[in-house]
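Okay, so here's the structure we're looking at.
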Amino acid sequence: MNSGNVDNALASVIRLFEESRNDQNAILMKRYMKNKFEFLGIKAPERREIMRPLMKEAKKFPREQMVEFVKKLWDLSEREYQYFALDYLEKNIKVLVEEDIQFLEYLIKTKSWWDTVDILASKCVGYHFTKYPNLITDYGVRWAVSENMWLRRTAILFQLKYKEKTDKELLFQIIEKNAHDDGFFIQKGIGWALREYSKTNKEEVAAFINSHPLSNLSRREGQKYL
């Protein structure tokens, strides 16, 4: 498939989403997201219903066109297009190759907020690092000390679904490097990562929390299931 196919698919997405625009919902959704982004006002259940035939067609794209399609969705103003891109990417994440970590990094750093970054971290990057574990050192460890807060949050959260496969030494190391940051999204992310891992390894998480200076927010979140 060539770029024309991508453009046709994009035009179909825009047309169907515009037909479902709800200005009243859009105001409320924009307010909920702190006025960071514009919205069409399409709630998740309706959006996913609209997406179903579009997703089926776009699934036929080879890798290069898949990446192009996601980037073009990411460039659009309304947030629902990024949500479509994330759902599409998650369903096709196995198609990505090792070098596409740069593409994932671009998405994390562009139009960044928790609603996109958390999915990219826990589902997309998390899977990509299991497929290409050598990237953890090249990217995950580097992200942990990045000036970009969202890359650091991604480093904290990418093992969120790993359960017993979690590299606890790496997780704790990344948390230690970020525990001094008093930013809400970093401290909340630390607590979330600890809470999730505590479902698998209560003793190690409890010992870590008790032996490290963590913020009240991180500590409270991390201890929730202890």
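The values are calculated or read from the model by the stated rules, or taken from the named source; none is laboratory data. What you are looking at is a predicted structure, and each value in this text was computed from that prediction instead of being measured. Positions of Cβ are backbone-derived with ideal geometry, glycine not excepted, and every protein chain shown enters the neighbour counts.
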Going by what's in this entry, would ILE50 be described as without any contact (Cβ under 8 Å) to a residue 40 or more places away in the chain and in contact with a His (Cβ under 8 Å, 6 or more places away or on another chain)?
no
Test LYS111 against the criterion of being at pLDDT 95 or above and not in a helix (DSSP H, G or I), and give yes or no.
yes
Is it the case that the range 55-65 has a residue that's among the aliphatic types (A, V, I, L, M) and within 24 Å of ARG153 (Cα to Cα)?
no
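Quickly run through the range 155-190 and pick out the residues that are among the hydrophobic types (A, V, I, L, M, F, W, C) and assigned to a helix (DSSP H, G or I).
Those that are among the hydrophobic types (A, V, I, L, M, F, W, C) and assigned to a helix (DSSP H, G or I): ALA155, ILE156, LEU157, LEU170, LEU171, PHE172, ILE174, ILE175, PHE184, PHE185, ILE186, ILE190.
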If you go through the range 160-167 one residue at a time, do you hit one that is surrounded by fewer than 17 Cβ atoms within 10 Å (Cβ to Cβ), aliphatic (A, V, I, L, M) and modelled with pLDDT of 95 or more?
no
Qualifying positions in the range 204-226 - under 24 Å from the mean Cα position of the chain (by Cα) and part of a helix (DSSP H, G or I):
VAL205, LEU217, SER218, ARG219, ARG220, GLU221, GLY222
Selection within the range 125-152 - under 19 Å from ALA193 (Cα atoms), of a type in the set (A, V, I, L, M, F, W, C) and part of a helix (DSSP H, G or I)
VAL125, PHE129, ILE136, VAL141, TRP143, MET149, TRP150, LEU151
Quick check on this structure: which one of LEU151, LEU226, LEU217 is assigned by TED's automatic domain parsing to the domain that holds ALA121, without any contact (Cβ under 8 Å) to a residue 60 or more places away in the chain, in contact with a Phe, Trp or Tyr (Cβ under 9 Å, 6 or more places away or on another chain) and surrounded by fewer than 17 Cβ atoms within 10 Å (Cβ to Cβ)?
LEU217
Got a sec? Which of ARG142, ARG195 is of a type in the set (Lys, Arg), in contact (Cβ under 8 Å) with a residue 12 or more places away in the chain and out of contact with any His (no Cβ under 6 Å at 6 or more places or on another chain)?
ARG195
